Amino acid sequence: GRRTSWERRSCRCALMEGLPQLQALQALQGAGGGMANPAVEFRAGKCKYQGTTVRPDPRKGLVRVQTSSEDQLMHLTWTSRVNGVVEDDRIIFPGEASFSYVEQARNNPKNSRVYLLKFVGSSERLFFWMQDPDATKDEDVIKRVNARLNAEEDPSAGGLAGLGGMDQQQLLAMLTGGAAGGEA
């Protein structure tokens, strides 16, 4: 049926109040959803930390760092390339981890390409060994993974510019209509 002028104004106000939330969701989709922010991925096996020694798991794997379209959070996953099963799935917040070369592996005759994902403020460490035969790609992989882990703009992917420079607190405030931010 027909709506009264009061009902039309009420509906328009509700739409206007929801506009910032809609814009924030659209920014998130542009920044991390689907193909707008492609994954950084590389072939790598996992390593097990046993005492003071790092031992390689011989299975073929794929490490992927990508913002999930389901929860809009950054995930680091390890997937078996043999059966396609995702065995490890870690949510990582910007600045929470770094990816680096393990210098102690440099003179290892079996595998000198061991890398460490180290979490800030934690003793948690994940070791990986590169499985791509082309070692010249390793430095680029490190840069791209760290750029993604620190929410920096990845020149090859277009970065997180879709959020308009908003930090997590500003985005939360926009999504909750200004109710976020620690006010009591």
Distance violations [Cα-Cα > 19 Å] among 110/143; 46/110; 60/110; 48/110; 118/143: 110/143
Packing rank of 137-148, 85-96, 111-122, where each peptide gets the mean count of other beta carbons within 10 Å, highest leading: 137-148, 111-122, 85-96
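Quick note: the coordinates plus some simple rules give every number you see, no bench work behind them. This structure is a prediction, so every number in the text was calculated from the model and none was measured. In this analysis, Cβ positions are derived from the backbone assuming ideal geometry, glycine residues included, and neighbour counts consider all displayed protein chains.
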